[in-house]
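Below you'll find the structure, written out as structure tokens, and then a few comments.
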Amino acid sequence: MITNTQLQRFPTKEQESKYQAICHAAKNKQKEKYPAPVDPEKRLGYAVVGLGKLTLEELLPALSICKYSKLAALVSGDGDKARKVAQQYGIPNTGIYNYQNFDDIKNNPEVDVVYIVLPNSMHHEFTIRAAKAGKHVLCEKPMANTVKECEEMITACQKADRKLMIAYRIQYEAYNALIKQWTREEKYGKVKIIEVYNGQNLPGPNVWRAKKSLGGGGALPDIGIYCLNTIRYLLGEEPTSVLAHSFSTPGDARFREVEESMLFQLTFPSGALAMCGTSYGTHMAKSYKIYADEGYYGLDPAFSYSGLQMHVSEQLDTKIELKQMPTIREEDQFAVEMDHFSECIACDKQPYTPGEEGLQDMKIIEAIYQSAYEGRIIKLDYYTEQDVFRGTDPIY
Ligand code: NDP
């Protein structure tokens, strides 16, 4: 007997026609000076789960400028807020769900993708429920709170034959993509040391980010993950060992359950070394510097939603020249990311940042905690292949 979920594996006629339109537009995007969006009725519909700061300030506006994706439904525990937002974005009341009736989304043909933007501890449950409802899943970082949860999310999506992508927006951002290219082609020589920091002040002790059961940890899984994931992306390599130290200010109520600061060092097969810092107790700072044998380069800020700035210093003959690089055309990172996922669904490609990419970060995060706790170096699995967990490059 064919079950409801199995039936949904096969695209309907309407879905086929959307997929063809998106795939055709995606194939031509490199050739066109102004790549065209597909007709709104041919874009893939996204149900956004959790109407918090990221959703309201970044994702819903970004969906309005996407070329292959559009907002189709809202999922929230606050009915009044959901109805207000639905009205603002032209979503009918039939496109509003709460956390209890979320599974009914399987009957909504307007929804192709579920985008999970909930506190970290809820990513696991909602990914599995979305896959069972026959929907593709885009899940915010960190993928989940444990390696086991990540593995279960991957298995659930594989079983339902649905795609799973982790929303690592930095891997869809143009400045970071250029730095990746320079690093991979050794524009300034071989990379020796990378210094990276991502910190901010947690506003108070009553936010979900200060609760271990919701956040999974403190600064490390929330913002330290940018340091880890971006270095892995820039080098295309996987770390082979980690050594970490953590500290929380005694008596600071914000850090009763989660760590304030974490410092960790990573070693890579090429010989590159990375020094990473993250904290919930400092003024906001988000930057990295890459030291190679013929120059250094980096971004400051590196992880902001816009306004990224590039710095390069290279040795010319005998003198060292410090250059402020010209700005390059910035696109909305969230829109690029969502359109990449839509393109992968329509053209049946593996996303650049699939579940396996999120799982690898979580394995390293668990090793970082172990190292800080036990005060010793933790060895990690050794991979010789480049980009071992990544799918199709979004190409700029
Ligand atoms: P917020 O606290 O602003 O929003 C979270 C939303 O989740 C709430 O508004 C609420 O939505 C819903 N929710 C359901 N249960 C709970 C609960 N028990 N406690 C609190 N909220 C709950 O968080 P963010 O938007 O900042 O973060 C959401 C996710 O996005 C996290 O995983 C975070 O790591 C990630 N993130 C990613 C960023 C990126 O750049 N990629 C940047 C910021 C966050 P409702 O009222 O609709 O039910």
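Output yes when any residue across segment 141-161 is in contact with a Phe, Trp or Tyr (Cβ under 9 Å, 6 or more places away or on another chain) and either assigned to a helix (DSSP H, G or I) or open to solvent by less than 10 Å² (accessible area, probe 1.4 Å) (or both), and no when none is.
Scanning segment 141-161, I find no residue that is in contact with a Phe, Trp or Tyr (Cβ under 9 Å, 6 or more places away or on another chain) and either assigned to a helix (DSSP H, G or I) or open to solvent by less than 10 Å² (accessible area, probe 1.4 Å) (or both), so the answer is no.
For every residue, the table says whether it meets (1) open to solvent by 50 Å² or more (accessible area, probe 1.4 Å); (2) in the same structural domain as Ser306 (by TED's automatic domain parsing); (3) in a loop (DSSP other than H, G, I, E, B).
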residue: Tyr19; (1), (2), (3): no, no, no
residue: Ile22; (1), (2), (3): no, no, no
residue: Tyr34; (1), (2), (3): yes, no, yes
residue: Pro37; (1), (2), (3): yes, no, yes
residue: Tyr46; (1), (2), (3): no, no, no
residue: Leu51; (1), (2), (3): no, no, yes
residue: Glu58; (1), (2), (3): no, no, no
residue: Leu63; (1), (2), (3): no, no, no
residue: Cys66; (1), (2), (3): no, no, yes
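Where the second residue is among the small types (Gly, Ala, Ser) and open to solvent by less than 50 Å² (accessible area, probe 1.4 Å) and the first is within 6 Å of the ligand (Cβ to nearest atom) and lies in segment 51-65, which pairs have Cβ atoms under 6 Å and are six or more apart or on separate chains?
Cβ pairs passing all conditions: Leu51/Ser76.
Determine whether segment 163-179 contains at least one residue that is in contact (Cβ under 8 Å) with a residue 12 or more places away in the chain and over 30 Å from Glu330 (Cβ atoms).
First, pick out the residues of segment 163-179 that are in contact (Cβ under 8 Å) with a residue 12 or more places away in the chain: 163-179.
Those still in the list that are over 30 Å from Glu330 (Cβ atoms) too: none.
Looking for residues that are in contact (Cβ under 8 Å) with a residue 12 or more places away in the chain and over 30 Å from Glu330 (Cβ atoms), one finds none in segment 163-179, hence no.
Just to be sure I understand, how many residues within segment 85-113 are in a strand (DSSP E or B) and within 14 Å of the ligand (Cβ to nearest atom)?
Residues of segment 85-113 that are in a strand (DSSP E or B), as a first pass: 96-97, 113.
Those left that are additionally within 14 Å of the ligand (Cβ to nearest atom): 96-97.
So the answer is 2.
Could you list all residues from segment 66-84 that are more than 11 Å from the ligand (Cβ to nearest atom) and within 22 Å of the chain's Cα centre (by Cα)?
Once the filter is applied, which keeps residues that are more than 11 Å from the ligand (Cβ to nearest atom) and within 22 Å of the chain's Cα centre (by Cα), segment 66-84 yields Cys66, Lys67, Tyr68, Ser69, Lys70, Leu71, Ala72, Ala73.
Scan Arg209, Arg129 and give me the residue that is under 19 Å from Met362 (Cα atoms), open to solvent by 20 Å² or more (accessible area, probe 1.4 Å) and either assigned to a helix (DSSP H, G or I) or assigned by TED's automatic domain parsing to the domain that holds Phe264 (or both).
On the way: Arg129 fails: under 19 Å from Met362 (Cα atoms).
From the options Arg209, Arg129, the qualifying one is Arg209.
If we scan segment 374-393, do we find a residue that is outside the structural domain of Leu138 (by TED's automatic domain parsing), under 30 Å from Ala21 (Cβ atoms) and open to solvent by 60 Å² or more (accessible area, probe 1.4 Å)?
Yes: one or more hits.
From the list Ala160, Ala167, Ala131, which residue is away from the ligand (no atom under 16 Å from the Cβ), at pLDDT 95 or above and in contact with a Ser or Thr (Cβ under 8 Å, 6 or more places away or on another chain)? Break it down stepwise before answering.
On the way: Ala167 fails: away from the ligand (no atom under 16 Å from the Cβ); Ala131 fails: in contact with a Ser or Thr (Cβ under 8 Å, 6 or more places away or on another chain).
One residue alone meets the criteria, Ala160.
The values are calculated or read from the model by the stated rules, or taken from the named source; none is laboratory data. Note that this is a predicted model, so its numbers are computed, not measured. Glycine also receives a Cβ, built like all others from the backbone with ideal geometry; neighbour counts cover every protein chain displayed. When the accessible area is computed, the model is the full protein with side chains, heavy atoms only, and any ligands, DNA or RNA have been set aside. Shrake-Rupley method; radii C 1.70, N 1.55, O 1.52, S 1.80 Å.
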